[in-house]
């Protein structure tokens, strides 16, 4: 038995959004009596953190603390339309819609504040602490709860805003495939280090090194969660998963539970080291691109290439099972 | 402390700006984290109703068969069974989820009519007081079949001799008169003729499950005003609402979808599979109805990531420049279209990968077979293509005796390059992620490769 080691590379890009059917999302923002700001959406947070990121976009744009932002979403009676959470579109589309709505609400907020302070709205600024202050005269300020109360009970104004992001539908040219289907591209390069057991055929992914360019990291911990969680999925796709293990020859032996459908546990999960680069997208919320999906992609070919580097077996069919490694090693011996 | 990957601010310094934000770029805790770790997050299934009814499905055991007869009498005699539903109970049984964006034809049935075209296709729904009674009722449905030959291979399905399994008359989706979504850019044959080397290899994959912790499901609650409240784990609330309204032939304003807490999506919860039948059952019984996939249904019947087969032929010069790339891509859509025609177009737009190649030819086929319909999954149209492309890049580099990263850098796309789908590249950063990854693992790159930049026009470096 020999444990063979190899290193493989892969570099990829991935589109943000997919406007082959029109791809809109909307947001509404309004202030409550004491200066809470409700962001109303119908978007679905799949666990990737959409609600958190759009709250950050709203707080940044309004210039108020995060604690003052309430996200109310995924109810079709109360939230305006969202196309859905897929195509790496959530942060980009919903983020942009929220920023647009928050800008409109901010304008009203500053005007109400200006009327209370008897100054020009153009002379006001926010610093994220909850106060609106006169530029260069920080003592002349008013808190957002007082602004909201004044709007509700004194000035008779709704501090509110509407936002939508729509990239117009692109129809591919049937003859050539000419189209404009997405908003921007994120980028990644993954280096995989594997160990191949030439007796059992088992591939162990030891380490993954990832570099991602994602426009702007709006929330660095959630970027790490996407990069590392997605890479785990890529490892799983590469060496474990299939609903039809003998595809296409046989439709039999399909797994029906997690004792038959294997995925990496903590012991099979590689160490990961990742670095993030930022090249802000001109059309992204604060420059962000979508990376929801792509993080599973580069690890797969990087692992395939590392297996070849380790043992000379080129696996061109996913997943890379012990059986396929052993058959490849046999073929190499037969050829030698 | 949350785990955070470092941001290397030495790249794209001028474009990143001052970054003087108050909360953008900061690690703020996830809003759902506390609920998840304390077990207090409410998922759709955590709602309880005293009169909740359960819906289970009787499914086809055959890949392809005519239905001669359906007998539900024994199922109806099972204690606790309230109703059985057949296609006659579905107001608009033929549908396609992409009709909302004008993509047709409507090629799928909610419940089978005169035939089944995949193993696991739903034929009868049984609604009962308990899950056990619904399962027993579903097992007591009797269907007799005339079994037909099945098509289970994408290239066989495309051949003129294959049995046609689809009502529309072809075993593939028709893209504006073409049998595939095409990319035609430059002259690929001239490129091969000019190349020093030509390499061609085949890549393939098997279907993959989304494997969410929480299976696809919903509870539909009839409200006192006659509306239906749908508690769902859909990834797209209005997409589900609009498609459901069309299938059950109710005004969209009769329906309300509440969701937003999903135990894993990954593209597996955009197909609108459970809500229409649960709505029909709730209406007919006037009780809240739960329809949730078992783990077996989630793994074998709900749509997987498509298996793909991809042939890549490259024409390459001795210096490493790829001058022609031809790709034949086959997506195994299974029995029904669902989102697959869209995914094959997304694949086409992604080809030939993040490289600038002057001559590109691609046919991306969305092929129907007698398998579980595949549909959207994380990296839709791209994940398997990337496996093929990046394996191909490694093999060509080795065949040329070139460093694999230098080979990629020579061909990496840059700002201003024209992509094969005739969109000018901008905001590119492939070169930089390769350079940074090389540094991360101590893989030496010669100075001229380290000096490359995505914003320097191609040609400026020899």
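Scanning region B:157-178 for residues that are assigned to a strand (DSSP E or B) and surrounded by fewer than 19 Cβ atoms within 10 Å (Cβ to Cβ) yields one hit, B:178.
Selection over region B:423-440 of residues that are at the interface with another protein chain (Cβ under 7 Å from one of its Cβ atoms) and loosely packed, with under 15 Cβ neighbours inside 10 Å gives a count of 0. Filtering region B:179-209 down to residues that are surrounded by fewer than 16 Cβ atoms within 10 Å (Cβ to Cβ) and closer than 27 Å to residue B:379 by Cα, which residue is farthest from the other protein chains (Cβ to nearest Cβ)? In this case the residue turns out to be B:200. Selection of region B:339-373 for residues being closer than 24 Å to residue B:160 by Cβ and in contact with a helix residue (DSSP H, G or I) (Cβ under 8 Å, 6 or more places away or on another chain) yields B:341, B:361, B:362, B:364, B:365, B:366, B:367, B:368, B:369, B:373. The condition (being more than 23 Å from residue B:155 (Cβ to Cβ) and touching a strand residue (DSSP E or B) at 6+ places or on another chain (Cβ under 7 Å)) is satisfied by just one residue among A:282, A:274, A:242, A:236: A:274. Every listed requirement among (1) closer than 22 Å to residue A:302 by Cβ; (2) in contact with a strand residue (DSSP E or B) (Cβ under 6 Å, 6 or more places away or on another chain); (3) more than 7 Å from chain A (Cβ to nearest Cβ) is met by residue B:420 save one, (1). Taking strands (runs of 3 or more DSSP E) as the structural unit, those lying wholly within region A:139-226 and holding at least 2 residues that are assigned by TED's automatic domain parsing to the domain that holds residue A:296 and farther than 30 Å from residue A:111 by Cα correspond to A:184-197, A:203-213. For region B:83-99, enumerate the residues that are within 30 Å of residue B:238 (Cβ to Cβ) and in contact with a helix residue (DSSP H, G or I) (Cβ under 7 Å, 6 or more places away or on another chain). Hits for region B:83-99 are B:83, B:85, B:89, B:90, B:91, B:92, B:93, B:95, B:97, B:98.
Within the set B:264, B:260, B:320, B:315, the sole residue that is in contact with a strand residue (DSSP E or B) (Cβ under 9 Å, 6 or more places away or on another chain) and assigned to a loop (DSSP other than H, G, I, E, B) turns out to be B:260. Could you go through region B:330-338 and let me know if any residue there is touching a helix residue (DSSP H, G or I) at 6+ places or on another chain (Cβ under 9 Å) and over 21 Å from residue A:245 (Cα atoms). For region B:330-338, residues touching a helix residue (DSSP H, G or I) at 6+ places or on another chain (Cβ under 9 Å) and over 21 Å from residue A:245 (Cα atoms): present. Scanning region B:331-383 for residues that are at the interface with chain A (Cβ under 8 Å from one of its Cβ atoms), touching a strand residue (DSSP E or B) at 6+ places or on another chain (Cβ under 6 Å) and either more than 24 Å from residue B:272 (Cβ to Cβ) or without any contact (Cβ under 8 Å) to a residue 40 or more places away in the chain (or both) yields B:348, B:354, B:362.
Every residue, every condition in (1) more than 8 Å from chain B (Cβ to nearest Cβ); (2) modelled with pLDDT of 95 or more; (3) farther than 30 Å from residue A:324 by Cα, yes or no:
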| position | (1), (2), (3) |
| --- | --- |
| A:167 | yes, no, yes |
| A:175 | no, yes, yes |
| A:178 | no, yes, yes |
| A:194 | yes, yes, no |
| A:205 | yes, yes, no |
| A:213 | no, yes, yes |
| A:216 | no, yes, yes |
| A:233 | no, yes, no |
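Among the strands (runs of 3 or more DSSP E) confined to region A:25-96, the ones with at least 3 residues that are closer than 24 Å to residue A:111 by Cβ are located at A:25-31, A:37-40. Could you please find all residues in region B:231-252 being part of a helix (DSSP H, G or I) and touching a residue at least 24 places away in the same chain (Cβ under 8 Å)? The answer is B:239, B:240, B:242, B:243, B:244, B:246, B:247, B:248. Would you check if residue B:41 is surrounded by fewer than 19 Cβ atoms within 10 Å (Cβ to Cβ) and either away from chain A (no Cβ under 11 Å) or touching a helix residue (DSSP H, G or I) at 6+ places or on another chain (Cβ under 9 Å) (or both)? Against the criterion (surrounded by fewer than 19 Cβ atoms within 10 Å (Cβ to Cβ) and either away from chain A (no Cβ under 11 Å) or touching a helix residue (DSSP H, G or I) at 6+ places or on another chain (Cβ under 9 Å) (or both)), residue B:41 qualifies.
For region B:139-163, the set of residues classified as more than 24 Å from residue A:247 (Cβ to Cβ) and in contact with a helix residue (DSSP H, G or I) (Cβ under 7 Å, 6 or more places away or on another chain) consists of B:140, B:141, B:142, listed by residue number. Counting only strands (runs of 3 or more DSSP E) wholly contained in region B:55-156, the ones carrying 1 or more residues that are outside the structural domain of residue B:274 (by TED's automatic domain parsing), over 28 Å from residue A:252 (Cα atoms) and in contact with a strand residue (DSSP E or B) (Cβ under 8 Å, 6 or more places away or on another chain) occupy B:81-85, B:122-128.
Among the candidates A:29, A:71, A:44, the residue that is at pLDDT 95 or above and away from chain B (no Cβ under 11 Å) is uniquely A:29.
Tell me, yes or no, whether region A:48-62 has at least one residue that is over 17 Å from residue A:218 (Cβ atoms) and more than 9 Å from chain B (Cβ to nearest Cβ). Looking for residues that are over 17 Å from residue A:218 (Cβ atoms) and more than 9 Å from chain B (Cβ to nearest Cβ), one finds none in region A:48-62, hence no.
Within region A:284-295, the set of residues being within 7 Å of chain B (Cβ to nearest Cβ) and either at positive phi or surrounded by fewer than 24 Cβ atoms within 10 Å (Cβ to Cβ) (or both) comprises A:286 only. Among the residues of region B:14-37, those that are outside any loop (DSSP other than H, G, I, E, B) and closer than 20 Å to residue B:261 by Cβ comprise B:33, B:34, B:35, B:36, B:37. Please verify whether residue A:224 is more than 7 Å from chain B (Cβ to nearest Cβ) and crowded, with 20+ Cβ neighbours inside 10 Å, treating the condition exactly as stated. Here the answer is no, as residue A:224 does not meet what is asked.
The values are calculated or read from the model by the stated rules, or taken from the named source; none is laboratory data. All values reported here derive from a predicted model rather than from experimental measurement. Please note: Cβ atoms are built from the backbone with ideal geometry, for glycine as well, and neighbour counts cover all protein chains shown.
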